[in-house]
1. Taking the condition buried (at least 24 other Cβ atoms within 10 Å of the Cβ) and either over 24 Å from Leu155 (Cα atoms) or of a type in the set (Phe, Trp, Tyr) (or both), does Ala101 pass?
2. For region 57-87, enumerate the residues that are free of Cβ contacts under 8 Å to residues at least 60 places away in the same chain and either hydroxyl-bearing (Ser, Thr, Tyr) or closer than 17 Å to Gln43 by Cβ (or both).
3. Select from region 165-183 the residues that are open to solvent by 50 Å² or more (accessible area, probe 1.4 Å), out of contact with any helix residue (DSSP H, G or I) (no Cβ under 6 Å at 6 or more places or on another chain) and charged (D, E, K, R) and list them in ascending order.
4. Any idea which residue in region 1-19 is modelled with the lowest pLDDT, counting only those that are surrounded by 14 or more Cβ atoms within 10 Å (Cβ to Cβ) and of a type outside the set (A, V, I, L, M, F, W, C)?
5. For the list (1) assigned to a loop (DSSP other than H, G, I, E, B); (2) farther than 19 Å from Ile67 by Cα; (3) not β-branched (Val, Ile, Thr), I need the number of the one condition that Ala192 fails.
6. Report yes if Leu54 is out of contact with any strand residue (DSSP E or B) (no Cβ under 9 Å at 6 or more places or on another chain), loosely packed, with under 14 Cβ neighbours inside 10 Å, at pLDDT 90 or above and in a helix (DSSP H, G or I), otherwise no.
7. Scanning for something within 14 Å of Ile140 (Cβ to Cβ) and surrounded by 18 or more Cβ atoms within 10 Å (Cβ to Cβ), does region 106-118 turn up at least one residue?
8. Among what's in region 123-172 and is part of a helix (DSSP H, G or I) and under 14 Å from the mean Cα position of the chain (by Cα), pick the residue that is nearest to Ile44 (Cα to Cα).
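The values are calculated or read from the model by the stated rules, or taken from the named source; none is laboratory data. What you see is a predicted model; the values in this text were computed from it and never measured. Here the Cβ positions follow ideal geometry from the backbone for every residue, glycine too, while neighbour counts run over all protein chains shown. Protein only, heavy atoms only, side chains kept; ligands, DNA and RNA dropped before computing areas. Shrake-Rupley method; radii C 1.70, N 1.55, O 1.52, S 1.80 Å.
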Amino acid sequence: MTKAITGFEPSLYAYLQRMATAEPDRLRQLREDTQHLPGAQMQITPEQGQFLALLVTVMQARRILEIGVFRGYSTLAMALALPADGQIIACDHDPNATAIAADYWQRSGVAHKIDLRLAPALVTLNQLQHNAPVDDFDLIFIDADKRHYLTYYELALSLVRPGGLIIIDNVLWFGKVADQRYDDPQTQSLRAFNQFLATDSRVKVSVIPLGDGMSLAIKQ
C-alpha cells in the first residue's frame, strides 16, 4: 500500500483512493511491481501522479524538467499527459532504478518524450543553465536529495519560464519539519527551504497537503 497523505486516517485515505484516483494501468503495474523493492516509500502516491498529470494539462506544458526520477512513476504520469511533441528532461544518477523506469516508459509508448540524463542532478542543471535558453521550461518537478533543495530551486527558477510552475515534493517530510525533536540534516534543510520559499517574492506559492506535501511555486 502506497503511503497515505500525511495525517490522513487509513479509512479516509482508502475512500479518497476510491473516489478520486484514476490510475492508468501502466502506472498501477509499475507501482505494484516495485512496491516491494527497497526505497519504495520514496515513490509518489497515485493521487500525486494524478495531480501532476492534471497540472501538465492545465499548464499546457510541452517542456518539463524533472529532478529526481527514481523508478519513473512521476515521469510516466507526466509523460502520459504530455502532447505528442512534448518532452521531459529527467535527471537522476541511479542506473538501476532508472533502468526499471526506462523499461516502463518504453512499454507505455512514451519513451520518445523522455530524455534521461544519467548524472548528478547538479551537473545536469548547470549544463542546462549554460547550454539551453533561459526560461525554457513550462513545469519543473523537484523530488531529489532534500539537502540540495535550495540549490535545485534556484537553478530551476532560472530555467522555468515566467508564469511557469515549479513543484517541490516532500515539503512536510512525514511531519518532521514541524517537530523540533528532529534535527537531522535533511529535516533542517527542508525547514530552511520551506521558510525561504514562503518569503520569496519572485514566486507565488501554495503548499498542498498531498502525499508528503507539495509546494507549488509560479514564477512571477
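1. Working: buried (at least 24 other Cβ atoms within 10 Å of the Cβ): yes; either over 24 Å from Leu155 (Cα atoms) or of a type in the set (Phe, Trp, Tyr) (or both): yes.
In short, yes.
2. Once the filter is applied, which keeps residues that are free of Cβ contacts under 8 Å to residues at least 60 places away in the same chain and either hydroxyl-bearing (Ser, Thr, Tyr) or closer than 17 Å to Gln43 by Cβ (or both), region 57-87 yields Thr57, Val69, Arg71, Gly72, Tyr73, Thr75, Leu76, Ala77, Ala79, Leu80.
3. Matches in region 165-183: Arg181, Asp183.
4. Taking the candidates together, the pick is Thr2.
5. Here Ala192 clears every test but (1).
6. When the stated conditions are applied, Leu54 passes them.
7. yes
8. By that ranking, first place goes to Lys146.
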